[in-house]
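Contents: one structure, followed by commentary.
Just so you know, all these numbers are worked out from the coordinates, no wet-lab data involved. These numbers were taken from a predicted model, which means no experiment stands behind them. Cβ: placed from backbone, ideal geometry, glycine included. Neighbour counts: every protein chain shown.
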């Protein structure tokens, strides 16, 4: 569904996305499938939600070498933010994926591999005996057709050590290679695989969070196939002639410059056209389902009001925000487990090392409010709000860059402020008592 209309049509028969009517010829069914349409609501919803989350950069804290590693965590030098984005994308689409920490001997650094839900084949969640089978797909570029090749990785804990078996098809036979990743001081004694689901870390399988939206769009696709098939069958008027012999009909033609001669006195010619509102019911059903899909998450397809307060937008996105909060929580936890495994691999204490990975949760872009900013500044100058709290509030209104810290901002102020320009904080304006009016005096 996420890949789009072409993929749904390609696998329509194989996965019963569209049922083949009884006795319909194969070529007619192919046309039946190709006429259907599928709006790109699912992909737009996922992309829109990711845009909401990564509107601001994640907060990453930890030792300097951990932060340096976060800048290149894959073989093709992708950073930890890209891995978090891919992780959340998979959680929205299928609700499940796996992250594996590995050490690349060639690059001499650790790297993260992400496996999609369809590549997680078997698993065992017994504590101390965890195991998982993963599928890897690559392309043999030496072959003229760039054939797809598959290999399987069996990862398991065996007598307190982590063992990997790679199964690969070579020359028509399966070959097995056993690997035993090591670290300074011996073999790995932990399971460096993190299985992530839509609401927790672990091997349990949950329904994808957007399954209802996918089913609704699939129903739209089926209605669309019937609707387009009906338009094709009845949209073009069909000529009907009665009282003509079959042999005479072979030379019969229509057109404004073609005379029609029918010898039989009871012969009649007319067009067969559709009359009634039957097909409109399909159209109405499609429109209703499209509106429902918009309400379920396709905010990008729904026209926005030009003037809308942040509070109104938050109310409108209540259910979606709840879903995003849950997904971001799980993604943060998964990345932090990866950090823990990275420290363990280097024989470093997890308990004595401080680290944090935090995703943005301000999904609504709050507009700059001059009045609110003025009140924040006055409260800071009056001493009723700390400079740190005022900085956080101003940062929420995106006065500063999202990567700027309070300490960095203070350093910039000190560097750019002349010595003779330092002024005392302005006092808060005092409200003068007003003389009583006739109404208040009477009261």
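On the basis of the beta-carbon distance and an R0 of 45 Å, residue 242 and residue 3 show a calculated FRET efficiency of 0.35.
For the stretch 373-421, the alpha-carbon coordinates run over 27, 26, 15 Å along the three principal axes, in decreasing order. The Rg/Rh ratio for the stretch 1-122, using Cα coordinates for both the radius of gyration and the Kirkwood hydrodynamic radius, is 1.14.
Arranged from fewest to most other beta-carbon atoms within 10 Å of their beta carbon, 133, 348 become 348, 133. Projected label points at residue 397 and residue 105, each 7 Å from Cα along the beta carbon direction, are separated by 5.8 nanometres. Here the gap between residue 150 and residue 360, fully extended at 0.36 nm per residue and compared with their Cα-Cα distance, gives a gain of 71.9 nm. Taking 7 Å steps out from each Cα toward its Cβ at residue 19 and residue 281 produces label points 1.6 nm apart. Sorting 342, 69, 174 by the number of Cβ atoms found within 10 Å of their own Cβ, with the fewest placed first, yields 174, 69, 342.
What is the calculated FRET efficiency for residue 59 to residue 174, with r their C-beta to C-beta distance and R₀ = 60 Å, to the nearest 0.05?
Numbers: r = 46 Å, r/R0 = 0.76.
After rounding, the FRET efficiency stands at 0.85.
What the Cβ-Cβ distance of residue 295 and residue 118 gives, at R0 = 25 Å and to the nearest 0.05, is a FRET efficiency of 0.30. Extending 7 Å from the Cα toward the beta-carbon at both residue 384 and residue 222 defines two label points whose distance is 6.2 nm. Put in order of Cβ neighbour count within 10 Å, fewest first, the listed residues 70, 97 become 70, 97.
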